[in-house]
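Below is one structure, written out as structure tokens; comments come after it.
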Amino acid sequence: MAGRRTWLWGLLAVAGACGVCGAATLLLGLLTASDEGSPSVGEGSPGAAGGFGFAPPQGWKSAGPGRFTTAQAQRSATLGVEVIRLSAIAGRDSPGRKLTSVWTTQVGADWAGASATPLVLRRYVGNGAIAHFTSAVLKPKAGGIDTRVSLYLVEADDRLEPLVILQTYSDPESMAEVNTNHAASFSFDTSSAQVEEALNATQGSPVGVPLAADDELTGAWVSSTSNNLQWLNTFSGAREMTAVGGVTRYELSADHRFTYRYQGGAGNVDAMKFGSDEDQGQWAIERDVLVLTGEKHLTKYLIAGAARAPDGKRTLFMLPHPRWSWAPGQVAQNGQLFEAEE
């Protein structure tokens, strides 16, 4: 799978009842919603400050100050989504560090398996403001069914507004927790539609700025993939292995020129076929998309992250066009992790 290292250090573990306990119980102590009302939302213009707002989508219910829920039926199961506002964090600087702090202290206090080095991604919310986020499937320390827990820090004027989003699953007809957890893992892509509803109803500021700065993308970037399968002939006992792999390298210069090279191979291990490709041209960031206009190809990537790996290396996490989706399974399957050559 492309970008498999990504899921070793972050996203893969990127309302309604939950198995043993209700969603209200899952919140536990530290995931307490802010009692402050939402500040008024400014008109918003590129680069201009405004405020923060969350207007619950139609059909969502209030579950207390700063908490909103929705649920949908899927045969005998119930898929729930809950949004919880936390207290604002002063300053929009160092969002990755601040997100990691909230994730490890507040989320990690109540949920087992919260990584100390989460992968920090980025995206736009409803009005075009930037949100920094991470996500993982976690188990409540108090006991219960696996839940996808996502933490978003939405840029809002001079602060970051945290939102915790829980995707839950319950099925009264399921008799074993392991079976319920297995079914839950396949439900999160479905309930991600309600997550998108919530994020589309979220507004921050400033708006209209690129998701990543030019200097974050300037440099040489490498992504490698590999996979193999081994086959056993039950009659003869002979073994056969097939493999596929490749290395993609981009060099993005400060004057917005790029060079590209790909080398890869596929087939039986003892008779693999190899190929290569290369290109050059101009690169640009258009909102949240890296556009590479080459002499041979037009290539587009959705920028999802530009963070530091635990070993300190710069990384880019991107989804190639047209496989763009924020559904958790699609992000895991289609995302490519690039590391800087430094």
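Structural remarks
- In a fully extended conformation the segment linking residue 90 and residue 257 would gain 56.4 nm over its present Cα-Cα distance, using 0.36 nm per residue.
- Sparse-neighbour loop sites [chymotrypsin sites (Phe, Trp or Tyr not before Pro); region 233-338; at most 15 other C-beta within 10 Å; DSSP]: 235
- You can think of it this way: the chain between residue 97 and residue 229 has 43.6 nm of extra reach, that is 0.36 nm per residue less the Cα-Cα gap.
- Segment residue 308..residue 55, full-extension length gain: 87.8 nm, with 0.36 nm per residue of separation and the alpha-carbon distance subtracted.
- Around the amide H of residue 141, modelled in the peptide plane, lie the amide H atoms of 111, 112, all under 5 Å away and 5 or more residues distant in sequence or on another chain.
- Largest first and in whole Å, the equivalent-ellipsoid semi-axes of the chain read 36, 29, 16, each the square root of five times a Cα gyration tensor eigenvalue.
- Averaging 1/r over each pair of different alpha-carbon atoms in region 214-340 and inverting the result gives 16.4 Å, the Kirkwood hydrodynamic radius.
All of the numbers you see were taken from the coordinates with simple rules; none came from a lab. Quick caveat: nothing in here was measured; it's all calculated off a predicted structure. No Cβ is skipped: glycine too gets one built from the backbone with ideal geometry, and neighbour counts run over all protein chains shown.
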